[in-house]
Amino acid sequence: VTSPCKILKCNSEFWAATSGSHHLGTEEAPEFCTALRAYAHCTRRTARTCRGDLAYHSAVHGIDDLMVQHNCSKDGPTSQPRLRTLPPGDSQERSDSPEICHYEKSFHKHSATPNYTHCGLFGDPHLRTFTDTFQTCKVQGAWPLIDNNYLNVQVTNTPVLPGSTATATSKLTIIFKSFQECVDQKVYQAEMDELPAAFADGSKNGGDKNGANSLKITEKVSGQHIEIQAKYIGTTIVVRQVGRYLTFAVRMPEEVVNAVEDRDSQGLYLCLRGCPLNQQIDFQTIRSAQATEGRARRKGPSLPAPPEAFTYETATAKCREKLPVEDLYFQSCVFDLLTTGDVNFMLAAYYAFEDVKMLHSNKDKLHLYERTRDLAPGNTAPSGSPPALWVALLCLSQCWLGLL
C-alpha cells in the first residue's frame, strides 16, 4: 500500500522547477518565489495526511525559511515555471571541498585502491549480498538492508497478490548520517509511483558544509531511475522503479561496509548478513516443481493464480529475451514470472544485472550460478561454475569416496 502523504511529490515538483536557482540573478527572484508559493500550496493540500511525517514537517519549515531569505510574499501567482538548468561543470565538488570529503583521496592516500563490494535487491525480492551470496526471501514489512556508521537503508516489502507470499519492495528509506565537514544528515525516501530526484527536505546535495557536493542526487530517467553519489564514503547507490516496485543497488568499499560499532552484537543487516534462515525461500526447489507442473505454485496452501498465466516454457522464453545467460538472475526472472504473472519482474531482473555490471568491481563474478543458502563459508560453489559442472564434480567425489 502507498502512503496518502504526497510530500515526496511536492519536493520533486519544486526541485524540478528550480534546478539551478542558486545561479539565478536577482531579476529571476520573482520566478523562484512563484515556485516557492506553489511548493507551499502543494504541502497545504497534503497536510491532513502528512501530520506524522517528518519529511513533511521538514519541508514546511524549509519553505518558511526560504520565503524569508528571498523576501518572497506569501500572496501571488503559484504556477511553476521551469527555470534554467544547471550550468556545465556544476556536478564537480567545490574547489574548497576538504580532502576528507573524497574517500579515495583521504582514506587511501598512501595505499592501494580500496576493494569495492556490491549489494542489490530486486524482484520478489532477491538479494545479492556484499559477499556475493544470492538469496530469495519473504521479508514482508520493513527490513534493514544496510546499517553502519555512515548510512542506514531500510526497505518495506508488500504482497504482490492478495493471499500470496510473493512480496516486492514498495518503499525505500536511505539515511546519510552527518559526517565531519562534508555533509549534514540527509534522508531520501521513495515509494511506489514516487521516485523523487531530491532528498526529503527538497535539497539535492549534502547541505551547507564545504564538502556538501560530495553527496549528490542525479536523475537519470524521470520517475524511473536515480543515482546517488556519496563520494565522501566512496559509495554509489542506484534506485529504480520498474513497473510498480522499486529496486536497489549499491557499490561500497569494504571498509565502509564493515564500519559498525559492535559487529558481534549488531542486529539485522541484510546486505552483509543475508536474510534470516526462516525468511529464505529455496526457489530452485520450487522452480523444479514449477517446471513439472507448468504453472506458478508455492509450497503450502493453494494460492490465487497470477493475473497472467505463464507456463514454465513461456516464462523461460520471455526471460531469455533479456537474460541470455541462465544464471541466478535468469532463474529468478523465471520464478517471478511464474509467481506473479507480471512481465515487469523480467525487467527488474534485467536492470538488476545491468546495475551489477556497472557497480561490481570484479567482472569475473558478475554471473552467479549456485544457490548458497545453508552452505558454510568456504563450501560455496565457485561463482563462475555452472550448475551441471558443480553437480558432476560433487557426484564424482562421492563415487571416489565409495570406491575407497
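The values are calculated or read from the model by the stated rules, or taken from the named source; none is laboratory data. From a predicted model like this one, the values you see are computed outputs, not experimental measurements. Note that each Cβ is placed from the backbone with ideal geometry, even for glycine, and that neighbours are counted across all protein chains shown. The protein model used for the area step is the full one, side chains on, heavy atoms only, and it has no ligands, DNA or RNA in it. Shrake-Rupley method; radii C 1.70, N 1.55, O 1.52, S 1.80 Å.
Would you confirm, using the coordinates I've provided, whether Glu326 is open to solvent by 50 Å² or more (accessible area, probe 1.4 Å) and at pLDDT 55 or above? Judged against the criteria, Glu326 is a match.
Scoring Pro114 on the criteria (1) at pLDDT 85 or above; (2) under 30 Å from Ala348 (Cα atoms); (3) crowded, with 17+ Cβ neighbours inside 10 Å leaves a single failure, condition (1). Residue count for the stretch 194-224 satisfying the condition of being open to solvent by less than 30 Å² (accessible area, probe 1.4 Å) and either part of a strand (DSSP E or B) or outside the structural domain of Tyr116 (by the TED database) (or both): 3.
So, in the stretch 225-246, of the ones that are charged (D, E, K, R) and in contact (Cβ under 8 Å) with a residue 60 or more places away in the chain, which residue ends up least open to solvent (accessible area, probe 1.4 Å)? Result: Arg240.
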